[in-house]
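Please treat every number below as a calculation from the coordinates, not as lab data. In this text the structure is predicted, and so the values were computed from the model without any measurement. Cβ: placed from backbone, ideal geometry, glycine included. Neighbour counts: every protein chain shown.
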Amino acid sequence: EAGVAQSPRYKIIEKRQSVAFWCNPISGHATLYWYQQILGQGPKLLIQFQNNGVVDDSQLPKDRFSAERLKGVDSTLKIQPAKLEDSAVYLCASSLEITGYGYTFGSGTRLTVV
Amino acid sequence: AQSVTQLDSQVPVFEEAPVELRCNYSSSVSVYLFWYVQYPNQGLQLLLKYLSGSTLVKGINGFEAEFNKSQTSFHLRKPSVHISDTAEYFCAVSPLRTGRRALTFGSGTRLQVQP
């Protein structure tokens, strides 16, 4: 079974620029999550999708972050404009909700804002 | 809401020695519990999980954890560590409520296995 694919692996941008991350979940996984992991901290949920609907985006900074999941498959996370404090690893995970906790994480995108 | 506290940010240990990584949680609802491992520049890999049943859970790579409901703890143990166990370990919880099963993570414990 193919894993969760994320791209790019690394991104360096200047503050106030925009950036987008892409995630392709495991085929058939209805639930998709984006997490932000700041250096030295545990991952923090940004947004949860069930198919192409948003289940929880309470911790997403909506003034600068946006996410979508078209057709209930791939997802993109965008930051516009970026701030220095957005430097982090952005992890995507998917799960087959019906069977429980079969979470699979991607390798993440490491964002550095300078 | 849930919160997870990992009491040690770093745990140095010699190879072949036993190790325990501590995790305590707080939640107003029943939760499931997890331990994940993260190797450098990689995503998170599930070590083990507690959903129900026996409170002693065995996972991959020789790790095990014990759920203690009265102490709200879920400590991770391994009787003999290897150099390859050097990594960051995260404890996490998720509410039982269907549809909102996002994980809440602790801040992590860096296990450093020395020869």
Note, ³J(HN,Hα) from phi for the stretch A:42-47, Karplus 6.51, -1.76, 1.60, rounded to Hz, x at Gly and Pro: x, x, 10, 5, 9, 7
Relative exposure of A:Ile47, A:Ile12, A:Ile26, judged by other C-beta atoms within 10 Å (fewest first): A:Ile12, A:Ile26, A:Ile47
Charge dipole magnitude, Cβ of K and R +1, D and E -1 - chain A, Cα centre, debye nearest 20: 380
Ranking of B:Lys58, A:Lys44 by count of other Cβ atoms within 10 Å, fewest first: B:Lys58, A:Lys44
Rh (Kirkwood; distinct C-alpha pairs) - chain A, Å: 14.0
Filter on A:Lys11/B:Lys49; A:Lys44/A:Lys71; A:Lys11/A:Lys44; A:Lys44/A:Lys83; A:Lys44/B:Lys78; A:Lys11/A:Lys83 - keep pairs with C-alpha separation over 23 Å: A:Lys11/B:Lys49; A:Lys44/A:Lys71; A:Lys44/B:Lys78
Cut-off of 10 Å, at most 16 other beta carbons, DSSP loop: longest stretch of chain A lacking such GluC sites (Glu not before Pro): A:15-114
Mean separation of Cα contacts under 8 Å, 6 or more apart, over the residue count of chain A: relative contact order %: 37
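With +1 on each Lys and Arg Cβ and -1 on each Asp and Glu Cβ, and nothing else charged, work out how big the dipole of the stretch B:2-114 is about its Cα centre, in Debye to the nearest 20. Don't skip to the answer; put the middle values down first.
Details: 10 positive and 8 negative charges, 120 e Å.
For the stretch B:2-114, the charge dipole is close to 580 debye.
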Mean projected area in nm² (Cα convex hull; one quarter of hull surface) for chain B: 7.0
Base-10 log of normalised Debye intensity for the protein assembly as shown (one unit scatterer per alpha-carbon) at q = 0.10, 0.12, 0.18 Å⁻¹: -0.46, -0.66, -1.36
Spin-label model distance (nm) - A:Thr76 vs B:Phe14, 7 Å beyond Cα toward Cβ: 5.5
